[in-house]
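*Asks:* There's a structure below that I have some questions on.
The values are calculated or read from the model by the stated rules, or taken from the named source; none is laboratory data. Being a predicted model, the structure only gives us computed values, none of them experimental. Here the Cβ positions follow ideal geometry from the backbone for every residue, glycine too, while neighbour counts run over all protein chains shown. Heavy atoms of the whole protein, side chains included, go into the accessibility calculation; ligands, DNA and RNA do not. Shrake-Rupley method; radii C 1.70, N 1.55, O 1.52, S 1.80 Å.
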Amino acid sequence: MKKTIYKITAIILFIFLIGCEDANDLSEDIDQENKSLTLLFSFPSSTIDPHQDWMGVRAGIAETLVKIDQDLSIQPWLAENWEQEDEQTWRFTLREGLTFHDDTPVDGNAVKASFERLLEVNDAMANNLKIESIEADGRDILFVTSESYPTFVSELVHTNTSIIKVDTENINEQPIGTGPFQVVDFTTESKIELERYEDYWDGVALIDKVTVQFNSDGNVRGLALQSGEADIAYHLPPETLAPIEQRDDLRVESVSSLRVHFLLYNMKSSPLQDQNVRQALDLLIDRQIIADEIMAGHATVANGPFHPDFSFSNDGAPESYDPEQAESLLKQAGYQKNADGQLEKDNEVLQLTLATYQGRPELPQMAQYLQAEASKLGIEINIVTVENVDAYLWEQQTEWDLVTYSMLSAPRGDGGYFLNVAFSPDGSLNPGDIYIEDVNALITQLNQTSTIEERIQLQKQMVDIIQEEVPQSYIVYPHIIVGVNNRVKNWTPGSEEYYLITNELDLE
Amino acid sequence: MRLVFSMIGKRITQLLIMFLLLSFITFVLMKLTPGDPVRTILNVEDVSTTTAQEELIKQQYGFDRPILIQYGEWLSNVVQLDLGESIIAKQPVLQLIINRLPASVALTIGGLVALLVIAVPFSVLAAIYENKWPDYLCRGVAIIGASIPSFWLGLLLIFFFSLQLNLLPVMGRGTLAHYILPSVTLGMAMAPVYIKLLREQLIDILQSSYIESAIARGIPRWRILLFHAIRGSLIPLVTMFGLSIGSLLGGITVIEMLFSWPGMGELIVNAVTQRDYPLIQGYIIVVGSLVVFINLLVDLITMLINPQIMQEARRAQ
């Protein structure tokens, strides 16, 4: 009997040892002959079909006709050049010598087939691109849109417009694109294994293999970077950074994103219909304190809806914190302090309901901060934390007065998207029924304007009006925080978060 | 044998009734909670849309129809063994689930192995030294274990075994080593209840007359423990396992997400947040069948390992 027990113990020990050995192998995959890198990303992909998921472009598998560069302006990519033939017609010419990963050439017909599939499988893109017909001729592709669509080119920056080979099976797991890396294996929601494509048109990649892993837990991503299991770890929570910053072999990159955190006011709420009240709340926000304390320094204070690097963003300085001015504005609006120290007008106490949600943990903190600041002036703010913020805002429009919100305001290098959805009366992100006559007229004009200079002017004009009317208070542009192993070279995270894996990325 | 067949038959009838109720309740609850998949379908956070387009999609997908009609349509497809297509991923629901099921089952088995490795020694120790310090220690460990949330425990294990000791991989699936941390996390999360149960069983058995007579016959203590006591105490453990399989499959979600385990965790969490109705319903049907099937298996096993039950059932007939 003793022998049996020994045997069992031996087997258990043996299994454990095998396990340990394997783990060591994994952490030592730094092989000079065969450069391989692991990037750890936060949002797991259930498919890598580039027409439905962003990982196609992010992982360097697929590419679009045009891209945005570091300065956020539109540049040629698979298309060599393009021209607008009339208000609804666009002609793109492909580069010479493009091939898919199976070495078949990419011509106009392949691009046409790719777009036809995109419109079929992706309702959102079909809606957005408004393509009526596509014609192919050699390396030329002619797009005709169903209506005048000046921002058509910038919409083609969207990663879902990737050009992929369509007459192939299993696009969900093995898409064939034109990028520097091709898919070897994909495990849903877990990892993508890639190897470089030797005939890449823009010069073969400097590293041989890339693994993109997914993990939705920020703490685990930080630990994986520290253990050496990941070389690049995306979206690290600020509280995980201290041990990474202390290490000599690791660094933290923090770049301003295209996202803006803001307050959205409900124009159906009677106190907030008064511009003075909105302005007073705006003056109660100390943006620097929020950036430094709540965002732990990983945010840039906002001076408008758009990232300051955009040519159409606001030139002015961010609104400064000024509770005295806020107080006098509230007085102008007719509010007086009552015996309990609360602000009151026509016997009604100024009480506001501020909605917030846990999806971005900093938003509820901002809500609490504003609540504290407002109570100093005698404004009572009740915070409501909701699970599905959009459903709440739309279905209970009379319940809330203001909400902490966050969105990508110019994801593809043009502000037309945000201005349309947030300020048009039928915009899908306008639950507060914002209607500013001048802005509305300018939106209509913008939607008809294709000259870039004119568009910039129009957008600047609108931003000026918005800053004056304060239908929303822009607070900070949160940063993208990425942990990087110092052996990674030629790589910095971009604000756009589209082009993570490139042919230039290298390892020491 | 006839007895076994009649039991299976009874179970299948129960199963059908349960499915009908379960699927109806989840369907109604899902539809009553705020939000629908329209904004995800239109990718509102990313591309220009208007409220009119949202309405159009709502009509196209039939989300504006009465709940009962929507449920009836889904049910008539299920009767034809068609679980439908995911609204967001545009892939067959069954395929999405089947692709991920093996990893979840594998982790469950890993968790059970870890559970046995943890629970048996602790409970044996506690039972032998009843009301002495090893017993208190084991019970203390069990209480602490029961109060630690599994995601935190997982993080601690990663911190020590992957970062400090560099022995095991942080996440993913592939080698045997990848199984250790998620399995241990799962096993430790379940262990406290089992330690308590097994300890009490063992104490009862150790005081029973047949153990006393074994001692009187001079059989070595370890032999009694291993071949008489532990064996006897396993029967309620098997029943207990059948009962906890449901919460096990639910609790595994957190652990899968923590360790990037390619099981059903991420799939179902996303399905719920995006309100992917067919996928949620499909998941409930598949996991529901799994739970019922395992429970049936557990009953059969208990019948086989405990002849008393079989005899009683025969007598009852």
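*Asks:* Distance from the Cα centre of region A:464-508 to that of region B:92-121, in angstrom?
*Replies:* Cα centroid of region A:464-508 versus Cα centroid of region B:92-121: 38 Å apart.
*Asks:* Relative contact order for region A:58-105 using alpha-carbon pairs under 8 Å, separation at least 6, rounded to a whole percent?
*Replies:* Value for region A:58-105: 24 percent.
*Asks:* Whole-Hz ³J(HN,Hα) for each residue in region A:241-258, computed from phi via Karplus 6.51 cos²θ - 1.76 cosθ + 1.60 with θ = phi - 60°, x for glycine and proline: what do you get?
*Replies:* 7, 3, x, 6, 5, 6, 8, 6, 8, 10, 9, 10, 9, 9, 10, 4, 9, 8
*Asks:* At a probe radius of 1.4 Å, figure out the A/B buried accessible area, summed over both chains, and give it in Å² to the nearest 100.
*Replies:* 4700
*Asks:* At a 1.4 Å probe, which residues in region B:16-45 are at least 50 Å² less accessible with all protein chains present than in their chain isolated?
*Replies:* Residues shielded by partner chains are B:39, B:45.
*Asks:* Show the residues, 5+ positions off or on another chain, whose built amide H is closer than 5 Å to the amide H of residue B:83.
*Replies:* Here the answer is B:94, since their amide H atoms fall under 5 Å of that of residue B:83.
*Asks:* Right, next: Let me confirm one metric for peptide A:215-223, namely the mean number of other chain beta-carbon atoms within 10 Å of its residues' beta-carbons.
*Replies:* Counting Cβ atoms of other protein chains within 10 Å of each residue's Cβ and averaging gives 6.
*Asks:* Also, quick follow-up: Mind checking the mean number of beta-carbon atoms from other chains within 10 Å of the Cβ atoms in A:188-198?
*Replies:* Per residue, the average neighbour count from other chains is 4.
*Asks:* In square angstrom, what is the accessible area per residue of chain B with a 1.4 angstrom probe?
*Replies:* 50
*Asks:* Also, I was wondering about something else. Mind listing the phi-derived Karplus ³J(HN,Hα) values for region B:120-131, rounded to whole Hz, using 6.51, -1.76 and 1.60 with θ = phi - 60°, and x for any glycine or proline?
*Replies:* Residue by residue, region B:120-131 yields 4, x, 4, 6, 5, 4, 5, 6, 5, 9, 3, 6 Hz.
*Asks:* Here's something else I'd like to know. Just the Cα atoms of region B:248-287: what Rg and Dmax do they give in Å?
*Replies:* Final numbers for Rg and Dmax: 9.9, 27 Å.
*Asks:* Let me ask something else. Please state the charge dipole magnitude for chain A, taken about the Cα centre, from unit charges on C-beta atoms (+1 on K and R, -1 on D and E), reported in debye and rounded to the nearest 20.
*Replies:* Dipole about the Cα centre, nearest 20: 1280 debye.
*Asks:* Determine by what factor the alpha-carbon radius of gyration of region B:177-317 differs from 2.2 N^0.38 Å, reporting the quotient.
*Replies:* 1.40
*Asks:* How much of the calculated P(r) for region A:259-478 lies past 20 Å, in percent of all Cα pairs?
*Replies:* For region A:259-478, the fraction of Cα-Cα distances above 20 Å is 57 percent.
*Asks:* Where the Cα atoms of region B:2-93 are projected onto their three principal axes, how long is each span, largest first, in whole Å?
*Replies:* Extents along the principal axes: 65, 25, 19 Å.
*Asks:* Can I ask one more? So what is the 222 nm mean residue ellipticity for chain A from helices alone, if each DSSP H run of at least 4 adds -39500 (n - 2.57) and you divide by all residues, rounding to the nearest 500 deg cm²/dmol?
*Replies:* My calculation for chain A gives -9000 deg cm²/dmol from helical runs alone.
*Asks:* Mind listing the phi-derived Karplus ³J(HN,Hα) values for region A:209-215, rounded to whole Hz, using 6.51, -1.76 and 1.60 with θ = phi - 60°, and x for any glycine or proline?
*Replies:* Whole-Hz 3J(HN,Hα) from phi for region A:209-215: 9, 10, 10, 9, 10, 10, 8.
*Asks:* Using Cα pairs closer than 8 Å and at least 6 residues apart in sequence, work out the relative contact order for chain B, in percent.
*Replies:* 24 percent.
*Asks:* Further question on the same structure: Give the long-range amide H neighbours of residue A:480: residues separated by 5 or more places, or on another chain, with amide H under 5 Å away, using H modelled in the peptide plane at 1.01 Å from N.
*Replies:* When sequence neighbours closer than 5 places are left aside, the close amide H contacts are A:255, A:256, A:257.
*Asks:* Right, another one. So what are region A:63-161's ellipsoid semi-axes, whole angstrom, largest first, if each one is the square root of 5 times an eigenvalue of the alpha-carbon gyration tensor?
*Replies:* 19, 16, 14
*Asks:* Let me ask something additional. Arrange the residues A:362, B:200 by how much accessible surface each exposes, largest first, with a 1.4 angstrom probe.
*Replies:* Sorted by accessible area, descending: B:200, A:362.
*Asks:* Keeping all protein chains in the complex and leaving out DNA, RNA and ligands, what accessible area do you get for residue A:268 with a 1.4 Å probe, in Å² to the nearest 10?
*Replies:* Estimated to the nearest 10 Å², residue A:268 gives 100 Å².
*Asks:* Another question about this same structure. To the nearest 10 square angstrom, what accessible area does residue B:12 show with a 1.4 Å probe?
*Replies:* 90
*Asks:* Normalised by the residues of region A:259-478, what does the relative contact order come to in percent, with Cα pairs under 8 Å and at least six apart?
*Replies:* 34
*Asks:* Taking Cα atoms of region A:105-239, Rg/Rh with Kirkwood Rh, to two decimals?
*Replies:* Dividing the radius of gyration by the Kirkwood radius yields 1.05.
*Asks:* Also: If DNA, RNA and ligands are ignored and the probe is 1.4 Å, what is the ranking of A:82, B:133 by accessible area, most exposed first?
*Replies:* Accessible-area ranking of A:82, B:133, largest first: B:133, A:82.
*Asks:* Can you give the Kirkwood hydrodynamic radius for the protein assembly as shown, in Å, rounded to one decimal and based on Cα pairs?
*Replies:* Evaluated over the protein assembly as shown, this radius sits at 30.3 Å.
*Asks:* Quote the charge dipole size of region A:363-480 about the Cα centre in Debye, to the nearest 20; the model charges only the Cβ of Lys and Arg (+1) and of Asp and Glu (-1).
*Replies:* Roughly 400 debye, rounded to the nearest 20.
*Asks:* Still on this structure, please answer the following. Structure shown: which of A:112/A:209; A:191/B:90; A:165/A:191 lie over 28 Å apart, alpha-carbon to alpha-carbon?
*Replies:* Flagged as over cut-off: A:112/A:209.
*Asks:* Please list, in chain and number order, the residues 5+ apart from residue A:306 or on another chain whose amide H is under 5 Å from its amide H, with Hs placed from the backbone.
*Replies:* A:314
*Asks:* Shielding of A:228-235 by partners, i.e. mean partner chain Cβ atoms within 10 Å per residue?
*Replies:* 2
*Asks:* Viscosity 1.567 mPa s, temperature 4 °C: give me the Stokes-Einstein translational D for region A:388-508 in µm²/s, with Rh taken as the Kirkwood radius over C-alpha pairs.
*Replies:* It diffuses with D of about 75 µm²/s by this estimate.
*Asks:* Moving to a separate point now. What fraction of the DSSP beta bridges in the protein assembly as shown is antiparallel, stated in percent and rounded to the nearest 5?
*Replies:* That works out to approximately 80 percent antiparallel.
*Asks:* Please report the base-10 log of the normalised intensity I(q)/I(0) for chain B, using a Debye sum with one equal scatterer per alpha carbon and no solvent, at each q in 0.08, 0.16 (1/Å).
*Replies:* Log-scaled intensity ratios, in q order: -0.51, -1.33.
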